[in-house]
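The values are calculated or read from the model by the stated rules, or taken from the named source; none is laboratory data. Only a predicted model underlies this, so the values are computations on that prediction, with no experimental measurement involved. Every residue, glycine among them, receives a Cβ derived from its backbone with ideal geometry; neighbour counts consider all protein chains shown. Calculation scope for accessible area: heavy atoms of the full protein, side chains included, ligands and nucleic acids excluded. Shrake-Rupley method; radii C 1.70, N 1.55, O 1.52, S 1.80 Å.
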Amino acid sequence: MRYGIISDIHGNLEALHAVLEHLSQERIDRYVCLGDLVGYGANPNECVALVRELTDWVIAGNHDWVAVGLADSRAFNPHAKNAALWTARCLTEEHRSYLCSLPLKRPDGEFLFVHSTPEEHGRWRYILSPNEAGKHFDTLNAQICFIGHSHRPVVFAQDDDGQVLVLGTDFRIKPNWKYIVNVGSVGQPRDGDPRASYAVFDTEETTVEIKRVRYDIEKAQQKIRRAGLPDIEAERLAYGE
Ligand code: ZN
């Protein structure tokens with residue numbers, strides 16, 4: 001089985017198109033989306049429609065929840081709040097109820113798909129360091145948990161001695177190890193690399209690879225500016241911050 005895993009699209013249709021075009025060459029059996037389909041970018045409805053058509057394996061993210069009123073935007077900075085209000089006004093009724101229906105987690109045997117942390121209670125915490133990852137490994141029942149949320153691709157592994165390591169973004173799965181894999185962001189990368197991020201997980205080859213793809217950043221920026229969304233949401237796409 002080959003999984004194509006995407007996350008944090010944030011209404012960036014140009015980035016989503018580029019990623020899906022690359023994934024169409026990857027012999028994917030199951031697509032999974034780890035949430036934040038909307039927020040920040042100018043094409044929330046188009047991105048929701050595309051993802052909904054692509055797969056049933058879609059998880060809710062915090063920006064999806066804020067856009068549909070399931071969570072408040074208190075934790076957001078002013079720009080993110082403005083973008084969330086714009087998105088809420090823009091979403092069609094059909095897409096609003098679709099986003100409301102998304103689950104917070106989706107287990108699949110030894111694998112778990114969530115937006116922010118394995119426990120996922122809708123508190124939307126970040127896992128940024130081996131130390132933070134270690135706390136989640138202690139309670140993680142699955143062998144591999146795929147996450148998004150921070151927009152920074154990173155792989156944490158717990159070896160058979162309980163030691164937590166940071167691996168490269170292209171690795172082979174070992175039988176007695178556990179993994180927390182952040183697949184990065186399609187629509188707003190924040191690791192200094194502006195290219196869209198996604199992951200391919202092959203259960204037979206026992207490999208995970210996080211890949212990057214260039215997309216038409218200028219077009220996405222123009223749309224954000226034309227929509228009257230905060231300018232910073234356009235600017236940051238050029239730097240991947
Ligand atoms: Zn996000």
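Of everything in the stretch 71-104, what is outside any helix (DSSP H, G or I) and at pLDDT 95 or above? Give them in sequence order.
Result: Leu91, Thr92, Ser101, Leu102, Pro103, Leu104.
Any idea which of (1) within 16 Å of the ligand (Cβ to nearest atom); (2) open to solvent by 10 Å² or more (accessible area, probe 1.4 Å) is the one Ser7 doesn't satisfy?
In the conditions (1) within 16 Å of the ligand (Cβ to nearest atom); (2) open to solvent by 10 Å² or more (accessible area, probe 1.4 Å), Ser7 misses (2) alone.
Those residues that are among the aliphatic types (A, V, I, L, M) and either touching a His at 6+ places or on another chain (Cβ under 7 Å) or open to solvent by 40 Å² or more (accessible area, probe 1.4 Å) (or both), I need them from the stretch 190-226; list them, please.
Val213, the sole residue that qualifies.
Which of the residues spanning the stretch 110-124 are at pLDDT 95 or above and surrounded by fewer than 16 Cβ atoms within 10 Å (Cβ to Cβ)?
Glu110, the sole residue that qualifies.
With (1) surrounded by fewer than 20 Cβ atoms within 10 Å (Cβ to Cβ); (2) among the aliphatic types (A, V, I, L, M); (3) out of contact with any Gly (no Cβ under 7 Å at 6 or more places or on another chain) as the list, and Val186 as the residue in question, which single condition is left unmet?
Here Val186 meets the rest and fails (1).
Within the stretch 17-39, count every residue that is within 16 Å of the ligand (Cβ to nearest atom) and either touching a Ser or Thr at 6+ places or on another chain (Cβ under 8 Å) or among the β-branched types (Val, Ile, Thr) (or both). Reasoning before the result, please.
Keep residues of the stretch 17-39 that are within 16 Å of the ligand (Cβ to nearest atom), which gives 19, 32-39.
Filter once more, keeping what is either touching a Ser or Thr at 6+ places or on another chain (Cβ under 8 Å) or among the β-branched types (Val, Ile, Thr) (or both): 19, 32-36, 38-39.
Matching residues across the stretch 17-39 total 8.
Determine if the stretch 36-48 includes at least one residue that is in contact with a His (Cβ under 6 Å, 6 or more places away or on another chain) and either of a type in the set (S, T, N, Q) or not in a loop (DSSP other than H, G, I, E, B) (or both).
yes
For the list (1) open to solvent by 30 Å² or more (accessible area, probe 1.4 Å); (2) within 16 Å of the ligand (Cβ to nearest atom), I need the number of the one condition that Leu99 fails.
Tallying (1) open to solvent by 30 Å² or more (accessible area, probe 1.4 Å); (2) within 16 Å of the ligand (Cβ to nearest atom), Leu99 fails exactly one: (1).
Go over the candidates Ile173, Ile147, Ile127 one by one and state the one that is more than 27 Å from Glu241 (Cβ to Cβ), at pLDDT 95 or above and open to solvent by less than 40 Å² (accessible area, probe 1.4 Å).
Ile173
What number of residues within the stretch 7-33 are part of a helix (DSSP H, G or I) and not aliphatic (A, V, I, L, M)?
4
Limited to the stretch 45-75, what total is found for residues that are crowded, with 18+ Cβ neighbours inside 10 Å, within 14 Å of the ligand (Cβ to nearest atom) and not β-branched (Val, Ile, Thr)?
The qualifying residues number 10.
Within the stretch 128-174, how many residues turn out to be without any contact (Cβ under 8 Å) to a residue 12 or more places away in the chain and not in a loop (DSSP other than H, G, I, E, B)?
Of the residues in the stretch 128-174, 3 are without any contact (Cβ under 8 Å) to a residue 12 or more places away in the chain and not in a loop (DSSP other than H, G, I, E, B).
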